[in-house]
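Asks: Before we start, here is the structure in question, set down as structure tokens.
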Amino acid sequence: MTREGAAQAIGRLYAQHADEIYRFARFTVGREGAAEDIVQEVFLRALRSWERFAGRASERTWLFAIARHVVADHLRLLKRQRPGAEIDPGIAGAAHRDETLRLDLEASLRLLPLAQREVFILRIVEDRSAREAAVLLGRSEASVRVALHRALVRLRAALRREDAPSEREGGSL
């Protein structure tokens, strides 16, 4: 395929999948600007590697594999540069209706390991099936179910700790 043909194919994929990849990146890294940069990097890498795309997986699965790698690279870099960096507001999804809920969810998601966070975002936020999440993440359905269960257990525990009255407020543990 010519370079122009590859650019047209990537343009088509961008139109079809950019929003979904943005939401995935936004929830995973927690920063709007970083998520936008990640989307651009995903499609730049896709363009550079278009000739090597063999079609063994769907184009969407291939893009998500690239996105997962770009997100992981970003998080490693962020950890080296600014450990404990804060996540800015503006996250997408149902939590928009309640700012407090959104902030609690955003903070709690940072507590999850990346593998659990990815599963949570795809299964809960994006409302994907276990099978679809497994394909996108290159994992088995069973591992997706286990990761979601573990993520929910961690999130519930974190939210319970936040709801517990502190000793300063006169409550008892």
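The values are calculated or read from the model by the stated rules, or taken from the named source; none is laboratory data. Fair warning: this is a prediction, and the values are worked out from it, not measured in the lab. Note: ideal-geometry Cβ built from the backbone for every residue, glycine included; neighbour counts use all protein chains shown.
Asks: Does Leu78 satisfy being surrounded by fewer than 19 Cβ atoms within 10 Å (Cβ to Cβ), at pLDDT 85 or above and assigned to a helix (DSSP H, G or I)?
Replies: Criteria not met by Leu78.
Every residue, every condition in (1) under 18 Å from the mean Cα position of the chain (by Cα); (2) under 19 Å from Val135 (Cβ atoms); (3) loosely packed, with under 15 Cβ neighbours inside 10 Å, yes or no:
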{"residue": "Gln8", "(1), (2), (3)": "no, no, yes"}
{"residue": "Ile38", "(1), (2), (3)": "yes, no, no"}
{"residue": "Leu44", "(1), (2), (3)": "no, no, yes"}
{"residue": "Val71", "(1), (2), (3)": "yes, yes, no"}
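Asks: Mind listing whichever residues of the range 10-28 are buried (at least 17 other Cβ atoms within 10 Å of the Cβ) and among the hydrophobic types (A, V, I, L, M, F, W, C)?
Replies: Ile10, Leu13, Ile21, Phe24, Ala25, Phe27
Conditions tested, residue by residue: (1) β-branched (Val, Ile, Thr); (2) out of contact with any His (no Cβ under 6 Å at 6 or more places or on another chain); (3) at pLDDT 90 or above.
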position: Asp37; (1), (2), (3): no, yes, yes
position: Phe53; (1), (2), (3): no, yes, no
position: Ala57; (1), (2), (3): no, yes, no
position: Val70; (1), (2), (3): yes, yes, yes
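Asks: Residues of the range 131-146 being in a helix (DSSP H, G or I) and closer than 20 Å to Ile21 by Cα, which ones?
Replies: Arg131, Glu132, Ala133, Ala134, Val135, Leu136, Leu137, Val144
Asks: For the range 101-113, indicate whether the set of residues that are in a helix (DSSP H, G or I) and either at pLDDT 80 or above or exposed (fewer than 12 other Cβ atoms within 10 Å of the Cβ) (or both) is non-empty.
Replies: yes
Asks: Yes or no: Arg139 surrounded by 12 or more Cβ atoms within 10 Å (Cβ to Cβ), more than 19 Å from Ala34 (Cβ to Cβ) and at pLDDT 80 or above?
Replies: yes
Asks: Pairs only if they're at least six apart or on different chains, beta carbon under 8 angstrom, first in the range 1-26 and assigned by TED's automatic domain parsing to the domain that holds Trp62, second charged (D, E, K, R) and outside any helix (DSSP H, G or I); list them, first residue then second.
Replies: If the second residue must be charged (D, E, K, R) and outside any helix (DSSP H, G or I), the pairs left are Glu20/Glu126; Arg23/Glu126; Phe24/Glu126.
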